Amino acid sequence: MGEQGAFLKIERQNFEYRDPADRVKDYKEFLVPKPVPELRVQGARCMECGIPFCHNGCPLGNLIPDWNDLVYRDRWFDAIKQLHATNNFPEFTGRLCPAPCEAACVLEIREGDAVTIKQIENSIIDRAWDEGWVKPLPPSSETGYAVAVVGAGPAGMAAAQQLRREGQRVVLFERD
(Lines give C-alpha, C1' and ligand atoms only; values in the text may rest on other atoms or scores of the structure.)
Protein backbone atom coordinates (compact mmCIF):
# COMPACT_ATOMS: atom_id res chain seq x y z
CA MET A 1 0.00 0.00 0.00
CA GLY A 2 1.65 3.19 -1.14
CA GLU A 3 5.35 3.56 -0.60
CA GLN A 4 6.45 2.48 2.85
CA GLY A 5 7.40 5.54 4.89
CA ALA A 6 6.51 7.97 2.07
CA PHE A 7 4.36 10.04 4.41
CA LEU A 8 7.55 10.85 6.35
CA LYS A 9 9.55 12.11 3.37
CA ILE A 10 6.97 13.47 0.92
CA GLU A 11 5.10 16.68 1.71
CA ARG A 12 1.48 17.29 0.85
CA GLN A 13 1.06 19.29 -2.37
CA ASN A 14 -2.24 21.15 -2.52
CA PHE A 15 -4.08 22.12 -5.68
CA GLU A 16 -3.34 25.49 -7.16
CA TYR A 17 -6.25 27.71 -8.18
CA ARG A 18 -6.65 29.51 -11.49
CA ASP A 19 -6.49 33.28 -11.32
CA PRO A 20 -9.98 34.63 -10.52
CA ALA A 21 -9.64 37.23 -13.30
CA ASP A 22 -9.36 34.36 -15.80
CA ARG A 23 -12.00 32.19 -14.13
CA VAL A 24 -14.79 34.73 -14.59
CA LYS A 25 -14.35 34.50 -18.38
CA ASP A 26 -15.33 30.83 -18.69
CA TYR A 27 -16.97 27.88 -16.99
CA LYS A 28 -13.88 25.68 -16.88
CA GLU A 29 -12.44 23.97 -13.83
CA PHE A 30 -11.00 26.47 -11.35
CA LEU A 31 -8.38 24.06 -10.00
CA VAL A 32 -5.13 23.62 -11.87
CA PRO A 33 -4.73 19.88 -12.55
CA LYS A 34 -1.63 18.15 -11.22
CA PRO A 35 0.59 16.12 -13.55
CA VAL A 36 0.34 12.35 -13.17
CA PRO A 37 3.79 11.92 -11.57
CA GLU A 38 2.85 14.38 -8.81
CA LEU A 39 -0.47 12.60 -8.22
CA ARG A 40 1.31 9.25 -7.99
CA VAL A 41 3.69 10.68 -5.40
CA GLN A 42 0.76 12.01 -3.39
CA GLY A 43 -0.94 8.60 -3.59
CA ALA A 44 2.26 7.07 -2.21
CA ARG A 45 1.77 9.08 1.00
CA CYS A 46 -1.23 6.94 2.00
CA MET A 47 0.17 4.85 4.83
CA GLU A 48 -2.04 1.72 4.99
CA CYS A 49 -3.43 2.49 8.42
CA GLY A 50 -4.54 -0.50 10.45
CA ILE A 51 -7.90 1.22 10.74
CA PRO A 52 -8.35 3.66 7.85
CA PHE A 53 -10.32 6.43 9.54
CA CYS A 54 -10.76 8.10 6.15
CA HIS A 55 -13.42 5.42 5.45
CA ASN A 56 -15.39 6.61 8.47
CA GLY A 57 -14.89 10.24 7.46
CA CYS A 58 -16.29 9.59 3.98
CA PRO A 59 -20.11 9.73 3.87
CA LEU A 60 -20.02 7.22 0.98
CA GLY A 61 -17.60 4.80 2.58
CA ASN A 62 -15.18 5.18 -0.34
CA LEU A 63 -12.30 2.69 -0.29
CA ILE A 64 -9.78 5.50 -0.24
CA PRO A 65 -6.52 3.67 0.55
CA ASP A 66 -7.25 1.22 -2.26
CA TRP A 67 -7.55 3.85 -4.98
CA ASN A 68 -4.68 5.89 -3.55
CA ASP A 69 -2.50 2.79 -3.94
CA LEU A 70 -3.77 2.14 -7.47
CA VAL A 71 -2.90 5.71 -8.49
CA TYR A 72 0.54 5.32 -6.91
CA ARG A 73 1.03 2.14 -8.98
CA ASP A 74 -0.21 3.93 -12.15
CA ARG A 75 -3.23 1.63 -12.43
CA TRP A 76 -5.78 4.31 -13.25
CA PHE A 77 -8.36 2.05 -14.89
CA ASP A 78 -8.46 -0.12 -11.76
CA ALA A 79 -8.67 3.05 -9.66
CA ILE A 80 -11.85 4.20 -11.41
CA LYS A 81 -13.40 0.75 -10.98
CA GLN A 82 -12.58 0.95 -7.26
CA LEU A 83 -13.97 4.48 -7.02
CA HIS A 84 -17.18 3.52 -8.83
CA ALA A 85 -17.64 0.57 -6.44
CA THR A 86 -18.85 3.01 -3.77
CA ASN A 87 -19.57 6.24 -5.64
CA ASN A 88 -21.95 6.48 -8.58
CA PHE A 89 -21.07 10.07 -9.47
CA PRO A 90 -17.55 11.05 -8.37
CA GLU A 91 -17.45 13.66 -11.13
CA PHE A 92 -19.62 15.93 -9.01
CA THR A 93 -19.76 14.45 -5.51
CA GLY A 94 -15.97 14.58 -5.33
CA ARG A 95 -16.04 18.25 -6.21
CA LEU A 96 -18.89 19.25 -3.91
CA CYS A 97 -17.81 17.26 -0.89
CA PRO A 98 -15.95 19.22 1.80
CA ALA A 99 -13.62 16.18 2.16
CA PRO A 100 -14.25 15.01 5.74
CA CYS A 101 -12.11 12.03 4.75
CA GLU A 102 -9.07 14.30 4.79
CA ALA A 103 -10.00 15.57 8.25
CA ALA A 104 -10.24 11.92 9.37
CA CYS A 105 -6.88 10.94 7.82
CA VAL A 106 -4.37 9.81 10.43
CA LEU A 107 -1.78 12.16 8.88
CA GLU A 108 -4.05 15.09 9.75
CA ILE A 109 -2.71 14.78 13.29
CA ARG A 110 -0.26 17.33 11.89
CA GLU A 111 -2.83 19.87 10.70
CA GLY A 112 -2.83 20.32 6.94
CA ASP A 113 -0.74 17.21 6.27
CA ALA A 114 -3.47 14.70 5.32
CA VAL A 115 -3.23 12.68 2.13
CA THR A 116 -4.62 14.74 -0.78
CA ILE A 117 -7.63 12.46 -1.09
CA LYS A 118 -9.96 14.93 -2.78
CA GLN A 119 -7.53 15.94 -5.53
CA ILE A 120 -6.67 12.29 -6.23
CA GLU A 121 -10.37 11.38 -6.45
CA ASN A 122 -11.05 14.27 -8.84
CA SER A 123 -8.06 13.30 -10.96
CA ILE A 124 -9.22 9.67 -11.19
CA ILE A 125 -12.64 10.59 -12.54
CA ASP A 126 -11.25 13.30 -14.84
CA ARG A 127 -8.85 10.80 -16.36
CA ALA A 128 -11.62 8.22 -16.67
CA TRP A 129 -13.70 10.69 -18.70
CA ASP A 130 -10.68 11.71 -20.81
CA GLU A 131 -9.82 8.06 -21.55
CA GLY A 132 -13.45 7.11 -22.36
CA TRP A 133 -13.73 4.68 -19.43
CA VAL A 134 -17.04 6.14 -18.20
CA LYS A 135 -19.73 4.52 -20.30
CA PRO A 136 -23.47 4.03 -19.98
CA LEU A 137 -24.49 0.71 -18.48
CA PRO A 138 -27.98 0.05 -19.85
CA PRO A 139 -29.93 -2.87 -18.40
CA SER A 140 -29.59 -6.21 -20.16
CA SER A 141 -33.36 -6.72 -19.86
CA GLU A 142 -36.42 -4.82 -18.70
CA THR A 143 -38.30 -6.00 -15.59
CA GLY A 144 -41.58 -4.30 -16.48
CA TYR A 145 -41.65 -2.52 -13.13
CA ALA A 146 -41.66 1.22 -12.63
CA VAL A 147 -40.15 2.97 -9.62
CA ALA A 148 -40.45 6.54 -8.41
CA VAL A 149 -37.46 8.06 -6.64
CA VAL A 150 -38.17 11.21 -4.66
CA GLY A 151 -35.23 13.58 -4.34
CA ALA A 152 -32.69 14.28 -7.06
CA GLY A 153 -29.70 14.80 -4.81
CA PRO A 154 -26.71 12.48 -5.02
CA ALA A 155 -28.46 9.69 -3.09
CA GLY A 156 -31.64 9.87 -5.18
CA MET A 157 -29.71 9.92 -8.43
CA ALA A 158 -27.54 7.00 -7.32
CA ALA A 159 -30.66 5.03 -6.37
CA ALA A 160 -32.25 5.83 -9.74
CA GLN A 161 -29.09 4.77 -11.57
CA GLN A 162 -28.86 1.45 -9.75
CA LEU A 163 -32.56 0.71 -10.26
CA ARG A 164 -32.30 1.50 -13.98
CA ARG A 165 -29.30 -0.79 -14.33
CA GLU A 166 -31.48 -3.55 -12.89
CA GLY A 167 -34.11 -2.95 -15.59
CA GLN A 168 -36.68 -0.87 -13.71
CA ARG A 169 -38.26 2.11 -15.43
CA VAL A 170 -37.37 5.03 -13.14
CA VAL A 171 -38.95 8.44 -12.68
CA LEU A 172 -36.94 10.87 -10.58
CA PHE A 173 -38.88 13.59 -8.74
CA GLU A 174 -37.38 16.79 -7.40
CA ARG A 175 -39.36 19.43 -5.54
CA ASP A 176 -37.91 22.27 -7.63
*Within region 113-133, can you find the residues that are surrounded by fewer than 23 Cβ atoms within 10 Å (Cβ to Cβ) and of a type outside the set (Phe, Trp, Tyr)?*
Asp113, Lys118, Gln119, Asn122, Asp126, Arg127, Ala128, Asp130, Glu131, Gly132
*Given region 5-94, what helices (runs of 4 or more DSSP H) lie entirely inside it while holding 2 or more residues that are within 20 Å of Trp129 (Cα to Cα), among the β-branched types (Val, Ile, Thr) and in contact with a helix residue (DSSP H, G or I) (Cβ under 9 Å, 6 or more places away or on another chain)?*
64-72
_I'd like to know if region 100-116 contains one or more residues that are within 23 Å of Gln162 (Cβ to Cβ) and assigned by TED's automatic domain parsing to the domain that holds Tyr17._
yes
*Pick from region 100-129, criterion more than 11 Å from the chain's Cα centre (by Cα) and free of Cβ contacts under 8 Å to residues at least 40 places away in the same chain, ranking: farthest from Cys54 (Cα to Cα)*: Trp129
*Filter region 161-176 for residues that are in a loop (DSSP other than H, G, I, E, B) and among the aromatic types (Phe, Trp, Tyr) and give the result.*
none
*Mind telling me which of the residues Asn56, Asn68, Asn87 ends up being of a type outside the set (Gly, Ala, Ser), touching a residue at least 24 places away in the same chain (Cβ under 8 Å) and surrounded by fewer than 20 Cβ atoms within 10 Å (Cβ to Cβ)?*
Asn56
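The values are calculated or read from the model by the stated rules, or taken from the named source; none is laboratory data. Given the structure is predicted, the values throughout are model-derived calculations rather than measurements. Please note: Cβ atoms are built from the backbone with ideal geometry, for glycine as well, and neighbour counts cover all protein chains shown.
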